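The values are calculated or read from the model by the stated rules, or taken from the named source; none is laboratory data. None of these values were measured; they are calculated from a predicted model. Every residue, glycine among them, receives a Cβ derived from its backbone with ideal geometry; neighbour counts consider all protein chains shown. All accessible areas refer to the heavy atoms of the entire protein, side chains included, with ligands and DNA or RNA removed. Shrake-Rupley method; radii C 1.70, N 1.55, O 1.52, S 1.80 Å.
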Amino acid sequence: MAYTLLGQDFVPPDIRAKVTGDARYAEDFRAEGMVFCRLLHSELPHARVTRIDASEALAMDGVVAVLTADDLPETSAPNQPLLTNEPLFVGEPILAVAAVSETLAQDAIDRIEVDLEPLPFTVDPLDSLFPGGPNARSDGNVVAGRQTVQTVKWSAADFAAVEEGQLPAGAPAVEWSFGDVEGNMAAAAFVLDETFVTQNLSHNCLEPRSCMAYWQNGKCYVHGSTQSQTSAVPSIARTAGVEVDDIVYIAEYCGGGFGSKIGAYPLMGIAIQMARKAGRPVMLRVNRAEEVLLGSSRPAFQGRIKMGFSAEGRLTSADLYIVQQNGPYGGGGDFGSAAGSVTLLYQPVAMRYRGIAVTSNTPPTGAQRGPGQNQIAMAVEPLLDKAAKALGIDPVELRRINAADNEGKYDGTQGPITSAYQREMLDRGAEAFNWAERRTRSGQTRGSKVTGIGVGQAFHSAGRSGYDGLVRLTPDGRLHIHSGIGNLGTYSHTATSRVAAEILKCNWENCVVVRGDSRLHLPWASSQSGSNTSFTMTRTNYVAAMDALEKLKEIAAMDLGGSPDDYDIGDETVFSTADPELRMSYAAAAQRAIELGGKYAGHEAPDDLNGITKTAVAALAGTGLVGVAKDNLEHSAMVPAIAAGFIEIELDLETGRYEIIDYLGVADCGTVLHPQGLDTQIKGGAVMGFGLALSERHIFDPQSGLPANTTMYESKLPTYLDTPSRMQSLAVDIADGQNPVGAKGIGEPVQGCAAAAVLCAISDALGGHYFNRAPVLPDMIVNAAGGRDQSHGPLQVNTA
């Protein structure tokens, strides 16, 4: 279908503020009487607080308050508390101090005496699973369903039953299977059995998770940095201990979240509770070292996968076991998502999955761009190349053979999917990248440098439903699109809003996107997570616009005669199809809606709306023609976002350094809403993927539990020097059948496919050496090229 606005580039309404520096982030706000908050952190990986003496600090002029765990409601395990008397990782906040300046607050912290009793700790899940091994928590070592903590130990026989370097397979916490896994494996023409490790790493958001909060007339006002807007409010309310209506949340800008800022974060709660205790506005600014330790991290995997292929290249059987390094708290569901990714991307005839999430005294874990799916892409995609080589099949062709289509199945339940054009994605990418010709360059040398060619794939589920849309035509003729979407940097708040303008055939210059502040009467919206926003929120804007369209026609019929079916819209007017001169402008219709009242002006709202939306509609009543509806459109299957990356590198065998010569990213994301935004997502995601595959990781000393890298520089994020001079992007651009405009998300797999592609290219340059590990560092490449052993064991985690 041809669209006027969708599929076209636009100037985001907030771009000028970002470019000029006028954009105000959480720590840019000030309030009268505001004080500053600093934190006292644990210096041990696991300890018990036995004494706190803050008397000297409290006696200092300008120190306003000290907040400890004893001042706060108890947090149920395994949820992360705001402050704690049993810190579970280095850097965990024990107490907070508020003072008239940051310097004074830090000076006061230095005057506080805290006694810590060291407790057992672990930074390696396998150490904890071994009989008699240390637990990261006093109440157990395994988190089940992110809700309960248990103690699980494997037997010595479990560890002895495997070869050196292989992952043991003790009792799992989660297990499912379908098909004849054992029978198909026995009949396979080629079988791989590989152990792998992926790393734990920080999100490294450019904007730390600072927060400013104050209380006024029973309401809590919060300036935060979240990637979501409306959906964050309930979690903020829970943190503050108040009802949703008593939260005012301002988050117009967010300097990166990548999954770690979906809702309220613990540091936000500290500012809120300190403001309550101090009776003054509180600013909690977070520095870079604090952000690295407190800003959430991607869980590490210690895994093993066995795959059986037919002679024709079909994956007939897969057996996957993942031990997830969960951090000390609830963590994320990465290990389960990884298993689901295998079922989608490769459509195995039979598969078994087992997994267990083991706590560790490392920073808390949570969703990070492509949680689980991107880790497993780095582990499995290089192994596909290994299988392709053994079977004499081209790597792209092997992926085509196992690719999902619209009849594809997903996860252990083998549930349906809305659409998948994975083969079309691979075909378009291979053609645009000139794959066949480039493959002939594989292994070519130039001095110490070798050419490597790679392809990688990744997946993420990318759509939800059931949220609300809200639009408003005002007597000045403007369309106000109220968006509950956060500003996480993708401009999805505006790209999805354009659907409403498209349906109502409005001039985009005559539209206003209302967002970023709960006082602006925003509807209930999905969280900005899981690449879901494009699919989910185009639907809400569609149903709201359709409601407004219906009301426009009804008003025209009342005033001009006939029935609503006799009318159409165009040029921001509603007109009779029989006599186009019989018309009413949107401005006039909005004024008429105010006069009519009732449902037309928002005095009446559908019963099935979320309470937050009902409150917003009530506040807007009488200001124009209100279009509001809940998304009740069909949504009966999982929405897959799939991406592929094609890459050429030159690898220096003497230094272990690489240069990316060319990169092409291809996306199966349904109808493209914003071409420039998609291009940026694909290229930016790829750069982030290169960091995931080749440099970024947490390092912990297993003897002391202390971190070895706590700055952005030490985290080794990729820079422009690591970015290819040539990057391209493509989209399949085939509509998804369960979205009214055909859109679905793509933000997460574009990282994973690039990470997988560059690892495949490195293995290709090395003639088929597979590291089964991420990140792959220069010293590992030099060791592999020289035939030397690596400095780490196959299952070691958190290594330098």
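Straight-line cross-link partners of residue 261 among the aspartates and glutamates, defined as a Cα under 19 Å from its Cα and at least 8 positions apart when in the same chain: 27, 28, 92, 207, 252, 290, 291, 334, 517, 748. For the range 623-695 and the range 171-216, what is the centre-to-centre distance using only Cα atoms, to the nearest Å? So the two Cα centres are separated by 19 Å. Segment residue 397..residue 720, full-extension length gain: 113.0 nm, with 0.36 nm per residue of separation and the alpha-carbon distance subtracted. Taking all protein chains together and rolling a 1.4 Å probe, residue 27 ends up with roughly 60 Å² accessible. With a simple spin-label model that places each label point 7 Å from the Cα along the Cα-to-Cβ direction, the separation between residue 599 and residue 783 comes to 6.9 nm.
Peptides 390-398, 772-780 ranked from most to least packed, by the mean per-residue count of other Cβ atoms within 10 Å: 772-780, 390-398.
Between residue 510 and residue 571, the distance separating the two model label sites (each 7 Å from Cα on the Cα→Cβ line) works out to 1.0 nm. Where (i) 84, 74, 49; (ii) 84, 67, 52; (iii) 86, 72, 60 are the candidate values, the label of the one calculated here for Cα extents along the principal axes in Å is (i). The alpha carbon centroids of the range 550-569 and the range 79-142 are separated by 65 Å. Say R0 is 35 Å: what FRET efficiency, to the nearest 0.05, do residue 245 and residue 58 get from their beta-carbon distance? Result of the calculation: an efficiency of 0.50. The phi torsions of the range 394-404, fed into the Karplus equation with coefficients 6.51, -1.76 and 1.60 and a -60° offset, translate into couplings of 4, x, 5, 5, 4, 5, 5, 4, 9, 6, 7 Hz, rounded to whole numbers, with Gly and Pro shown as x.
In this simple spin-label model, placing a label point 7 Å from the Cα along the Cα-to-Cβ direction at both residue 189 and residue 150 gives a separation of 4.1 nm. Exposure check, 1.4 Å probe, all protein chains in place: residue 575 carries approximately 40 Å² of accessible surface.
Each stretch of four or more DSSP H residues adds -39500 (n - 2.57); spread over every residue of the chain, this sum gives -8500 deg cm²/dmol at 222 nm.
A straight chain from residue 607 to residue 164 at 0.36 nm per residue would run longer than the Cα-Cα distance by 153.3 nm. The simple Förster model, with R0 at 22 Å and r as the Cβ-Cβ distance, assigns residue 206 and residue 676 a FRET efficiency of 0.60. Here the range 665-683 is scanned for amide nitrogen atoms under 19 Å from the site 7 Å beyond the Cα of residue 633 along Cα-to-Cβ, giving 668-675. Per-peptide packing, taken as the mean over residues of other Cβ atoms within 10 Å, places 584-591, 790-797, 514-521, 701-708 in the sequence 584-591, 514-521, 790-797, 701-708 from highest down.
The C-alpha atoms of the range 266-326 occupy a region whose extents along the principal axes are 71, 21, 19 Å, arranged from largest to smallest. Taking a ≥ b ≥ c as the square roots of the eigenvalues of the alpha-carbon gyration tensor, the range 482-538 is classed oblate because a/c is 1.5 or more while a/b is no larger than b/c.
Taking all Cα pairs closer than 8 Å and separated by 6 or more residues, the relative contact order of the chain comes to 16 percent. Charge dipole of the chain (Cα centre as origin; +1 on each Lys and Arg Cβ, -1 on each Asp and Glu Cβ, all else neutral): 340 debye, rounded to the nearest 20. With a/c under 1.5 counting as rounded, go ahead and sort the range 147-293 into rounded, prolate or oblate using the C-alpha gyration tensor (a ≥ b ≥ c being the square roots of the eigenvalues; past the cut-off, prolate if a/b is larger than b/c, else oblate). Here the range 147-293 falls in the prolate category.
For the pair residue 414 and residue 444 in one chain, pulling the backbone fully straight at 0.36 nm per residue adds 6.5 nm over the alpha carbon distance.
What shape does the range 291-396 take by its C-alpha gyration tensor, where a ≥ b ≥ c are the square roots of the eigenvalues and a/c under 1.5 counts as rounded, a/b above b/c as prolate, and the rest as oblate? Cα axes put the range 291-396 in the prolate bin.
With R₀ fixed at 45 Å, the C-beta to C-beta distance from residue 48 to residue 312 puts the FRET efficiency at about 0.15.
Residue ranking by accessible heavy-atom surface, 1.4 Å probe, largest first, among 505, 744, 386 comes out as 505, 386, 744.
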